[in-house]
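The structure under discussion appears below in the form of structure tokens.
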Amino acid sequence: MNMKKHVKRGLWNHLMKSGVEMGLASIIYEVGVASKYVNHAMRTGDLGLAGTSNLYGEDQLALDVVADEIIKDRLDHTGRVSRIISEEQSEIIIFERQNRSGGYSVCYDPLDGSSLVDVNLSVGTIVAIYAGDDPLLSGCHQVGAMYVLYGPRTTLVYGAGNGVHEFTLNNLGEYVLTKEFIKVKESGRIFSPGGIRRDYLPEHEAVVKKLEEDGYKLRYSGGFVPDINQILLKGGGLFMYPATTTAPQGKLRLPFELNPMAYLVGLAGGAASDGRRPILELDCYDLDQRSPVYIGSREEVEMAKHYFNK
Ligand code: AHG
Ligand code: MN
Ligand code: MN
């Protein structure tokens, strides 16, 4: 048997072969290690409330807190991270090793869509990585980003300047390369509307109406990670979470939800806008900053922007 054919590329091997800087590679790899523990906790652990709430006043699930602790510890373990922002922490966390030069800062959502776990729908971990000691930067300064999707299979997707690549967790607990240089087509066939229709502003209403008239299929799971993953891997489409009459800044957070996904979708040839400006160019000045989002295939993002710039 020709072993060469059957040798699967592991995550660390791919990071090294892709020339990813050692510190950045170790952060991506360690989030991969953390995700195996999160994966295990989710499939075996407590799905109930932790009895605490986060910065947004949202009840924290035990899983939100467990996932946050696991990822925070692994990031600290790398010895390369100086500051983190987490959806589950109310302030920027500084790691003791402040005197270490050449550190990184990380913004992450340990478990996005966590309220979907108890109905057995897919959820994810989302991570943005910056060089240096400041995690509150415009998304265009990211040096890497990744997500882990806990679905029927557990997959890890990362980008660090040289393409977007997917790895699948095998039954030996290894992440093996399953897709390399993922590309978002210029135009797709699916859309995710976001929000509640009665609260739509006229511009968003017009965008959704246009997509429906053009025969796009509605795909909306309530989980940002699986919904974006579907657009990336099904080759295109448009995910939206709009400004509404009740939430003028939309729902999704810039530091650890929109910026990392905008980085990955952009690296794969797609686009991400708030309806007027590229997501990656928005000033990031607050941990809990939200923005409307139109992200996916370039043609659909341009079509949406047209309605906001009339
Ligand atoms: P989180 O669970 O981290 O708060 O994020 C959930 C987000 C995102 O996953 C999804 O796209 C969006 O909430 C769905 O919001 P609605 O339930 O309002 O549709
Ligand atoms: Mn989230
Ligand atoms: Mn979350």
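Does region 109-130 contain at least one residue that is of a type in the set (D, E, K, R) and open to solvent by less than 20 Å² (accessible area, probe 1.4 Å)? Before you say what the answer is, go through the steps one by one.
Our first condition is that a residue be of a type in the set (D, E, K, R); within region 109-130, this holds for 109, 112, 118.
Right, trim to open to solvent by less than 20 Å² (accessible area, probe 1.4 Å) and you get 109, 112.
Yes, region 109-130 has at least one match.
From the list V208, V176, V184, pick out the single residue that is β-branched (V, I, T), touching a Lys or Arg at 6+ places or on another chain (Cβ under 9 Å) and in a helix (DSSP H, G or I).
On the way: V176 fails: in a helix (DSSP H, G or I); V184 fails: in a helix (DSSP H, G or I).
Of V208, V176, V184, the one residue that is β-branched (V, I, T), touching a Lys or Arg at 6+ places or on another chain (Cβ under 9 Å) and in a helix (DSSP H, G or I) is V208.
Yes or no: region 142-161 includes at least one residue that is open to solvent by 50 Å² or more (accessible area, probe 1.4 Å) and assigned to a helix (DSSP H, G or I).
Within region 142-161 (the criterion being open to solvent by 50 Å² or more (accessible area, probe 1.4 Å) and assigned to a helix (DSSP H, G or I)), the answer is no, since none of the residues qualifies.
Suppose the filter is out of contact with any Cys (no Cβ under 7 Å at 6 or more places or on another chain) and at pLDDT below 95; does H6 pass it? It would help to see each step written out before you state the result.
Details: out of contact with any Cys (no Cβ under 7 Å at 6 or more places or on another chain): yes; at pLDDT below 95: yes.
Judged against the criteria, H6 is a match.
For L75, state whether it is assigned by TED's automatic domain parsing to the domain that holds D134 and open to solvent by 20 Å² or more (accessible area, probe 1.4 Å).
On the way: assigned by TED's automatic domain parsing to the domain that holds D134: yes; open to solvent by 20 Å² or more (accessible area, probe 1.4 Å): no.
So L75 fails the test.
Okay, residues lined up against (1) in the same structural domain as L111 (by TED's automatic domain parsing); (2) of a type in the set (F, W, Y); (3) modelled with pLDDT of 95 or more:
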{"site": "V143", "(1), (2), (3)": "yes, no, yes"}
{"site": "G161", "(1), (2), (3)": "yes, no, yes"}
{"site": "T168", "(1), (2), (3)": "yes, no, yes"}
{"site": "G194", "(1), (2), (3)": "no, no, yes"}
{"site": "Y200", "(1), (2), (3)": "no, yes, yes"}
{"site": "L211", "(1), (2), (3)": "no, no, yes"}
{"site": "Y216", "(1), (2), (3)": "no, yes, yes"}
{"site": "V225", "(1), (2), (3)": "no, no, yes"}
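Which one is nearest to A128 (Cα to Cα) among residues in region 53-84 that are part of a strand (DSSP E or B) and away from ligand 3 (no atom under 11 Å from the Cβ)? Show your work before the answer.
Keep residues of region 53-84 that are part of a strand (DSSP E or B), which gives 53, 59-61, 81-84.
Subset that is away from ligand 3 (no atom under 11 Å from the Cβ): 53, 59, 81-84.
Numbers: S53: 23, D59: 24, V81: 12, S82: 14, R83: 12, I84: 10 Å.
Looking at residues that are part of a strand (DSSP E or B) and away from ligand 3 (no atom under 11 Å from the Cβ), I get I84.
Restricting the search to region 187-205, which residues are open to solvent by 100 Å² or more (accessible area, probe 1.4 Å) and closer than 10 Å to S297 by Cβ?
R189
Mind checking which residues of region 113-137 are within 12 Å of ligand 1 (Cβ to nearest atom), touching an Asp or Glu at 6+ places or on another chain (Cβ under 8 Å) and not in a helix (DSSP H, G or I)?
V123, G124, T125, I126
Table: residues versus (1) within 16 Å of ligand 1 (Cβ to nearest atom); (2) in the same structural domain as V164 (by TED's automatic domain parsing); (3) open to solvent by less than 40 Å² (accessible area, probe 1.4 Å).
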residue	(1), (2), (3)
V20	no, yes, yes
I28	no, yes, yes
G32	no, yes, yes
V38	yes, yes, yes
L49	yes, yes, no
D59	yes, yes, no
V65	yes, yes, no
R83	no, yes, no
E96	no, yes, no
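Condition check ((1) open to solvent by less than 20 Å² (accessible area, probe 1.4 Å); (2) part of a strand (DSSP E or B)) across all residues:
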{"residue": "S221", "(1), (2)": "no, no"}
{"residue": "G236", "(1), (2)": "yes, no"}
{"residue": "Q249", "(1), (2)": "no, no"}
{"residue": "E257", "(1), (2)": "yes, no"}
{"residue": "Y294", "(1), (2)": "yes, yes"}
{"residue": "E299", "(1), (2)": "no, no"}
{"residue": "Y307", "(1), (2)": "no, no"}
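Suppose the filter is buried (at least 16 other Cβ atoms within 10 Å of the Cβ) and more than 20 Å from G151 (Cα to Cα); does L15 pass it? It would help to see each step written out before you state the result.
Numbers: buried (at least 16 other Cβ atoms within 10 Å of the Cβ): yes; more than 20 Å from G151 (Cα to Cα): yes.
So L15 fits the description; yes.
The values are calculated or read from the model by the stated rules, or taken from the named source; none is laboratory data. On a predicted model such as this, the values are computed, not experimentally measured, just so you know. All Cβ positions, glycine included, derive from the backbone under ideal geometry; neighbour counts span all protein chains shown. Side chains are part of the model used for accessible areas, which takes the heavy atoms of the whole protein and leaves out ligands, DNA and RNA. Shrake-Rupley method; radii C 1.70, N 1.55, O 1.52, S 1.80 Å.
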